[in-house]
Amino acid sequence: METSFFLIIMRRKRDQQTIKPSSSYSSSFSHLLPTFCICLVFFSQVVLGLNYTIFKPAVSTLRLARIQRHLDDINKPPIKTIESLDGDIIDCVHKRKQPALDHPLLKNHKIQRVPPKRPRLRAERKEELMRSFFNNKKTINESDTDDGENHKEKGRAWQTWHRRGENCPKGTVPIRRSSVADVLRAKSLYHFGKKQTISKSSKSVASTLNVNHNQHNVDPPDVVSGNGHEHAIAYTGTEQELYGARATINVWDPAIEVVNEFSLSQIWVLSGSFDSDLNSIEAGWQVSPELYGDSRPRLFTYWTSDAYQATGCYNLLCSGFVQTNSKIAIGAAISPVSSFAGNQYDITVLIWKDPKLGNWWLGIGENTLVGYWPAELFTHLADHATMVEWGGEVVNTRWNGEHTKTQMGSGHFAESGFGQSGYFRNLQVVDSDNSLSTAENILTLAENTNCYNIKSSYSSEWGTHFYFGGPGKNPQCQ
């Protein structure tokens, strides 16, 4: 179906009655009832041509009221609203009114006004310190003044909502507005914006594959074989004190077979036990029809402080992440994207801990700061990370009893190489002195290399890097 919007196709039965709005609802909710309460009695849902149909029963007015109250909490009153060409609504919200500050641990939090220094490569760091010493003056990090405008670099993907030429005013942050339809695609209101809770009995991929580690190596706690999640990742192979990670990732629009599956490419920064109290900070790009209502790749973030049980969420769909940038909307579509044997577009993602205040910052591109996860949100990550992972993940629901055709990366295996496979290049970690160093001695894992795989390498230009991906179902992957 050729459309740039999430579509809901209504099918009414002759003997079904229309749900009427109650007079007790607020005016802000009542105007939505003709659209949602009446139309959602019985419908089939089609998301950008996906071969997947959901038949929903009648949605009660009580449930819609609960949904609307939740949306009122996360959709803050905007100073300005921008309608993106892809159908997204971007609300420009005063930075002091953003959802993050509703978190009970952040009631007295003051937004960090002085940006932290971005980590530098060790050679750059030495040069900067020498220059600072001899000039006896403060050195200025490029990121201190950049607000996203300089991200228009050749070969760099960017966001669709910028195409109208409109920006959010200074002092506001752009937030993608959530709708009733967004929530109704989720399993429940509780599950909206959250990853599936993974069973504590699930085994790590490392143990599933019988990977031989010595006593100093650790299994990647965020990679499990349960719940249909499949991966092709690289990770730091020894437990160590880490303060962040960086990589450049090319952006694709992998095909998704079923609406409640997804495909993503991201960085994980981890600490703690996956069984109970894992702390995880994540960022990258993602295609998730269930979450966004379409099949476009989107910039996303995620965090949890209790192994995905109760805390954290995607993007700004709960309180926690503090946004400081007025030009980047987390959850907004990225455009253009890479094409097979054609132009390649990538984004550079950096997550690191501010040495002074302890907040974990997100950087995009070479000079752009997006915002931060306050240190108050975490237990283990309040100190440092012990592992970093880079790579791809998909959900395989096996909805028809066979492996999904949902693609990872470009949809082609790692062997296809540049211009045809997904890649992560210039893998780096942040050390305790806020220096970037090349990620060395990384390990790689994939549950089923007949479906998705990964091949790592090293070069002078790309440093530590890898190609990854796959088509999902094929004659060797059933």
What is the packing order of peptides 430-437, 269-276, taking the mean over residues of other C-beta atoms within 10 Å and listing the highest first? 269-276, 430-437
When ligands, DNA and RNA are left out and all protein chains stay put, how many square angstrom of accessible area per residue does region 216-337 have with a 1.4 Å probe? 20 Å²
Roughly how many Å is it from the Cα centre of region 177-196 to that of region 344-411, as a whole number? 21 Å
Find how much the distance from A186 to D433 grows on full extension, using 0.36 nm per residue of separation minus their present alpha carbon separation; answer in nm with one decimal. 84.7 nm
Please work out the Cα center distance from region 309-341 to region 72-121, rounded to the nearest Å. 11 Å
I need the phi-derived Karplus couplings for region 340-352: 6.51 cos²θ - 1.76 cosθ + 1.60, θ = phi - 60°, integer Hz, Gly and Pro marked x. 4, 6, x, 5, 10, 10, 9, 10, 9, 10, 10, 10, 7
Over 25 Å between alpha carbons, listed pairs K110/K187; K117/K327; K353/K455: K110/K187; K353/K455
In whole percent, how big is the carbon plus sulfur part of the accessible area of region 306-436, probe 1.4 Å, protein atoms only? 49 percent
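Tell me the Kirkwood hydrodynamic radius of region 268-405 in angstroms, computed as one over the mean inverse distance between distinct C-alpha pairs.
Final number for the Kirkwood radius of region 268-405 is 16.3 Å.
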Please report the accessible area of E447 (heavy atoms, 1.4 Å probe, ligands and nucleic acids excluded) in Å², nearest 10. 40 Å²
Dipole of region 321-478 [Lys/Arg +1, Asp/Glu -1 at C-beta], most positive-end residue of F340, G363, Y467: F340
Determine, at each q value in 0.11, 0.13, 0.23 (inverse angstroms), the log₁₀ of I(q)/I(0) that the Debye formula gives when each Cα of region 362-478 is one equal point scatterer. -0.50, -0.67, -1.25
Between D306 and residues 5 or more places away or on another chain, which pairs have amide H atoms under 5 Å apart, with H built 1.01 Å from N, and which residues are they? T311
Using only protein heavy atoms and a 1.4 Å probe, report how much of H380 is accessible, in Å² to the nearest 10. 70 Å²
Dipole size in debye (nearest 20) for region 343-478 around its Cα centre, Lys and Arg Cβ +1, Asp and Glu Cβ -1? 480 debye
Between L121 and H94, what is the label-point separation in nm under the 7 Å Cα-to-beta-carbon projection? 4.4 nm
Fully extended, how many nm does the chain gain between E461 and S273 (0.36 nm per residue separation, minus their Cα-Cα distance)? 64.1 nm
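The values are calculated or read from the model by the stated rules, or taken from the named source; none is laboratory data. Bear in mind the structure is a predicted one, so any value in this text is a computation, not a measurement. Please note: Cβ atoms are built from the backbone with ideal geometry, for glycine as well, and neighbour counts cover all protein chains shown. For accessibility, only protein heavy atoms count, side chains too; no ligands or nucleic acids. Shrake-Rupley method; radii C 1.70, N 1.55, O 1.52, S 1.80 Å.
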